[in-house]
1. What ranking do A:56-66, A:141-151, B:10-20, B:227-237 get when scored by the average of other Cβ atoms within 10 Å per residue, highest first?
2. In terms of the ratio Rg/(2.2 N^0.38 Å) built on C-alpha atoms, what value belongs to region B:9-356?
3. Compare B:183, B:111 by solvent-accessible area with a 1.4 Å probe and give them largest first, with all protein chains kept in place.
4. How far is helix B:80-96 tilted off the main Cα axis of chain B, in degrees rounded to 10, range 0 to 90?
5. Highest mean first, how do B:284-297, A:96-109, B:306-319 rank when packing is the count of other Cβ atoms within 10 Å averaged over residues?
6. Given the pairs B:14/B:306; B:284/B:306; B:150/B:250; B:306/B:331; A:113/A:140; B:208/B:331, which span a C-alpha to C-alpha distance of over 22 angstrom in this model?
7. Taking the full set of protein chains and a 1.4 angstrom probe, give the accessible area of residue A:36 in square angstrom, rounded to the nearest 10.
8. What is the packing order of peptides B:134-140, B:203-209, taking the mean over residues of other C-beta atoms within 10 Å and listing the highest first?
Amino acid sequence: MNYNIHDILFWGLSAMAVGCALGVILSRNPVNSVMFLILTFFAISGHYLLMNAQFLAVVNIIVYAGAIMVLFLFVIMMMNLNADVEPQKGQLVQLAGVISGGVLFLVILAAIKSASPIDVDKSASQIGLIDNLGKVLFTKFVLPFEISSVLFLSAMIGAIVIGKKEDTHVINK
Amino acid sequence: MLLLNIDTALIIEKLILIIVILLGSLGIAMYATWAERKVSAVMQDRVGPNRAGPFGLFLPLADGLKLFMKEEIIPDRSTGFIFVLGPCLAMLTALMTSAIVPWGPDFALSSGHIVTLQVADINIGMLFVFGVVSLGVYGVMLGGWASNNKFSLLSSIRAASQAISYELALGLSLIALLMMTGSLSLRQIVDQQHGFWQHGYFSWNFFKQPLGFIIFFVCACAELNRAPFDLPECDSELNMGYHQEYSSMKLGLYLFSEYINMFISSIIMVTLYFGGYNFPFMDKVAELIHNPIIFSFICIGALIGKAIVMILMFMFIRWTLPRFRYDQLMKLGWKSLIPLALANMLITGAVILWFFNK
């Protein structure tokens, strides 16, 4: 029995991540689901920190917990969903959901099983620090990085175009 | 079985530092509420608080006592747990940022132990601030939603969209600064602004990034929900906004977290743009004093002094400008500040590339 702080944190965070992920799908109230999802992101950020990937950890918090989940919460608040108005799905839809989820699970399991573990000293690695990440992104992976930024730009323009459409007959100012 | 092999002295040092910072922020926030009333009184040609103690100095204590004594009401139709969680989150996120602020230069004790006046010098300092700021909206949002009141809900929706919109310009204005400093660590950013005059130019970032600072300041005002951006608690439209259903100390936590936020964001702005704990002729002062501990405390004093000037700026703005309309607020954020911040970023990049060739 020789646990160090790293192992304790790892198991604690893993339990938190799995528990909160279960909470997301099991809770009836959509707002509670969102809050569980936020906690899951925090647990995953904790895992990044354990691997000394500070940049990834904080960007995960900023982007997912700070922006995307706020929008989720926003929409749920606007729709005023409650536990008692939860729509009931038919048996067939439920069955289809179980099958497709199971297939995805199988694929992920197969991929993880065939992957060979690389033994790196996670707590001392410098890969996740911002300097290295920036260098790698702008030298080795510059083409995919630029292409994905063009993708984001087109998505933004698309959103503006869709949002503008109804605005023509509304009085400006 | 080895559990925690961390230096005990380090833990004690950090614990003391954390407690002092927390109590200090609470104290300053407390007296910021007093100062706000005094400033508003002076600006409106009134006397202001003058009953509790000399110059009304005990007013914050009386306020606190009143809030503690009030009856605690939790509305029947509210979502119990989240209703309580809201103010707690608001307070938590307000206090969290103080962890990475460098409060003063290091000094060595007589035993040779070096004391760092910063809770954690993390590699990603500035991004941590962004993380906490982006979480700050949850307190308002959850509280407003859980109250089950239409005004509260409207207010929390306003708060969320305002926070998200202004975070973008805030981040963009900061990128120009980070391009110059080349580091996210607040400690390094402060070290680069040593003294006041270096290499034939002002060393403080404000003189290198004036536009960036103005954008940052406006966005900070909006993130703090301070007037003229206090749309979420706009009393003429929404009664009291997101904290309408709150009473007793839960209301107190909401009101108080605003002042703590104001203090901490003033500290962050001073650290980023006005040299943090650096002050003019600091090297000469350090030579004169010899004692590094006293010098550190002078530095802390300089930091707090600059932050207080910044807080007074916030107050003058609040009692001078009328509130924006909601569409004006969105227009300012998206159509003025973001393009300005982008232009500032491009100009900074071009200058660095052509003149400094980093």
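1. Details: A:56-66: 21.9, A:141-151: 10.4, B:10-20: 12.7, B:227-237: 18.9.
Ranked from most to least packed, the peptides come out as A:56-66, B:227-237, B:10-20, A:141-151.
2. Working: Rg = 21.0 Å, N = 348, 2.2 N^0.38 = 20.3 Å.
Region B:9-356 yields a ratio of 1.03.
3. Details: B:183 15, B:111 95 Å².
Output order, biggest surface exposure first: B:111, B:183.
4. 20 degrees
5. Numbers: B:284-297: 13.2, A:96-109: 10.3, B:306-319: 18.4.
Order by mean packing, descending: B:306-319, B:284-297, A:96-109.
6. B:14/B:306; B:306/B:331; A:113/A:140; B:208/B:331
7. Accessible area of residue A:36: about 70 Å².
8. The packing order, highest mean first, is B:134-140, B:203-209.
The values are calculated or read from the model by the stated rules, or taken from the named source; none is laboratory data. The shown structure was predicted, so the numbers you read here are calculated from the model rather than taken from an experiment. Reconstructed Cβ throughout: ideal geometry from the backbone, glycine too, with neighbour counts over all protein chains shown. For the accessible areas, the whole protein counts, side chains as well, though only heavy atoms, and no ligand, DNA or RNA atoms are used. Shrake-Rupley method; radii C 1.70, N 1.55, O 1.52, S 1.80 Å.
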